[in-house]
Amino acid sequence: RPKLATTTKMAADDDDDSEYDYDFLVIGGGSGGVRASRIASGHGAKVALLEGQLKHGAPNYSAIGGTCVNVGCVPKKLMVFAGRYPAEVGEAAGYGWDNASPGKFNWKTFMEYKDTEITRLNNVYENFVLKNAGVEVIEGFGKLNGQHAVDVSYASGETKTLKAKNILVAVGGWPFKPDIPGAEYTITSNEIFYLEEQPKRLVVVGGGFIALEFASIMDGLGSDVTLMYRGDLFLRGFDQDMREHLREEMERNTDIDLQFNTNPKEIIKNDDGSFTVVTEDGNKVEADAVMMATGRKGKIENLGLETAGVHTEGSFIPVNDYSKTNVDNIYAVGDVTDRIALTPVALMEGHRLADTLFGGMDRPVDHKMVASTVFTNPEIGTVGYTEEEAAEKFKDITVYKSRFRAMKHSFPKSETYSLFKIIVDTKTDKVVGVHVATDGAGEMIQGVGIAVKMGATKADFDATIGIHPTSAEELVTMRSPSYHYKDGVKVEED
């Protein structure tokens, strides 16, 4: 095996490796852990990865592949696709298709197909992504026992202590439920993928992207959805215009009952198996299921972090730009670090850590200009600063906005609108933020993200020839500013 890199500032001291079973022991088989272990093995390290469950489903839900593959991005996106068919068919008459109907959604059939696909992906991760890369995959739970040892509880019931020169904690996150009476009756983004029947009436509690996406999905699939959020407007932290636009579109084009400034105080289970959600202001909503999408916490319970002296903050593990904890040979990546809880970010963090530790490279993490998408209807694609953030940071900014009906929706006379927005640092002409609310925003913003990451200017956008007819061409045809900010203060155009 090639000698491990010890030249970078992250590598452990070149002590006697013979006392260790592994160069790199990874606890957690999610996106960050899988990527770090595969890349480390490719650099010549002896690597083992611990994952408590290799196949999806209860009780742990997040099996090999992590939250994304098992109870996150992948099955959610499949449900997004399924939920959009009725709206597509709804516009068919406007294109000359008589008597078009979406038919009846079969929850059990979809879930059977979904389970088959996730099982396939579990197998791909275990046997092709990891084992083919030389990573030893161990089905079991790991618990630190000092700085270099991990006690492993195998799925078989056996226990064993493994020693490693470097340890990576990549255990991810877990849904958080508020402490209210009846919370034990509620489901989360874990259990919704395994319900035996589709709830006819669903209450979703929360205002983040998980709550919004599942409210949109279940509305599309035909459930009666009530969304309760304790604040004035959902998607806190996103651009204000995008938040308001999504609210307008949901009010106009969905049957979701949006209840802002509303917080449940109790969940009552009724004799017939249904539930009554009692809000703090005394209102009651009947439901067949109640989903809590009220945040996530780091999954650090029973990890034994204290035995190694690993510092935690709440349920998360703080790390530096090289994903190192306060203990020199123990690292953490992904959702458990409370940086940016997105799958591609965890992949980046894991990859850069492995390159630094074992590839002789110096690769700190890079969390600047990370593009993301909220898979609602319409989708919201975003990269860079919001208007509010940009005004505070750059002081002088120029904002371009365009609201319009896309051709696809204007022809059948649907009242469905898109909103495009570009934010420019006036002093440098650099585009520092792009936000779009439209069909396929995720596909669109990925390409735009490259340009923004590279430091493209508004002049670069203007010099780019548009693709016609598309909605995306709006990004390169907006010439007149909507308004400016001077010294952080908004100035309307004359």
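Under a Cβ-only charge scheme (Lys and Arg +1, Asp and Glu -1), can you give me the dipole magnitude of the stretch 426-494 about the Cα centre, in debye to the nearest 20?
Here the size comes out at about 320 debye.
So what is the calculated 222 nm ellipticity per residue for the chain, using -39500 (n - 2.57) for each DSSP H run with n of 4 or more, over all residues, to the nearest 500 deg cm²/dmol?
Mean residue ellipticity, 222 nm, calculated: -8000 deg cm²/dmol.
What percent antiparallel are the DSSP beta bridges of the chain, to the nearest 5?
65
Structure shown: which of K160/K297; K395/K453; K427/K486; K77/K269; K177/K299 lie over 22 Å apart, alpha-carbon to alpha-carbon?
Violating the 22 Å limit, Cα to Cα: K160/K297; K77/K269.
Could you please state, rounded to a whole Å, how far the C-alpha centre of the stretch 328-360 is from the C-alpha centre of the stretch 141-185?
Centre-to-centre distance over Cα atoms comes out at 18 Å.
Any idea which of L235, G52, Y485 is furthest toward the positive side of the dipole for the chain, if Lys and Arg beta-carbons carry +1 and Asp and Glu beta-carbons -1?
Most positive-ward Cα: G52.
Using the heavy atoms of the protein chains and a 1.4 angstrom probe, tell me the accessible area per residue for the chain in square angstrom.
46
How high is the relative contact order of the stretch 360-441? Use alpha-carbon pairs under 8 Å, at least six apart in sequence, and give a whole percent.
33
How much of the accessible area of the stretch 7-119, in percent, comes from carbon and sulfur atoms when a 1.4 Å probe is used?
The C+S portion of the solvent-accessible surface of the stretch 7-119 is 52 percent.
Accessible area of the stretch 279-432 with a 1.4 Å probe: how many percent of it is carbon plus sulfur?
Whole-percent figure for carbon plus sulfur exposure: 49.
About its Cα centre, how strong a charge dipole does the chain have in debye, to the nearest 20, once Lys and Arg get +1 and Asp and Glu get -1 at the Cβ?
Taking the Cα centre of the chain as origin, the dipole is about 780 debye.
Given the stretch 217-318, what percent of its DSSP beta bridges are antiparallel, to the nearest 5?
75
When the accessible area of the stretch 145-270 is computed with all protein chains present and a 1.4 Å probe, what percentage of it is carbon and sulfur?
Details: 2280 of 5400 Å².
Answer for the stretch 145-270: carbon and sulfur cover 42 percent of the accessible area.
Looking at the square roots a ≥ b ≥ c of the eigenvalues of the Cα gyration tensor of the chain, which shape do they give, rounded for a/c under 1.5, prolate if a/b is larger than b/c, or oblate? Write down the numbers at each step before the final one.
Working: a/c = 1.88, a/b = 1.29, b/c = 1.45.
Because a/c hits 1.5 or more and a/b fails to exceed b/c, the chain counts as oblate.
Evaluate the charge dipole of the stretch 230-353 about its Cα centre and quote only its size in Debye, nearest 20, assuming +1 on the Cβ of each Lys and Arg and -1 on the Cβ of each Asp and Glu.
Working: 14 positive and 24 negative charges, 106 e Å.
So the magnitude is around 500 debye.
Which distance in Å, rounded to a whole number, links the C-alpha centroids of the stretch 427-461 and the stretch 50-99?
Comparing the Cα centres of the stretch 427-461 and the stretch 50-99, I get a distance of 27 Å.
The values are calculated or read from the model by the stated rules, or taken from the named source; none is laboratory data. This one's a predicted model, so the numbers in the text were calculated from it and none came from an experiment. For neighbour counting, all protein chains shown are included, and Cβ atoms are generated from backbone atoms with ideal geometry for every residue, glycine included. Protein only, heavy atoms only, side chains kept; ligands, DNA and RNA dropped before computing areas. Shrake-Rupley method; radii C 1.70, N 1.55, O 1.52, S 1.80 Å.
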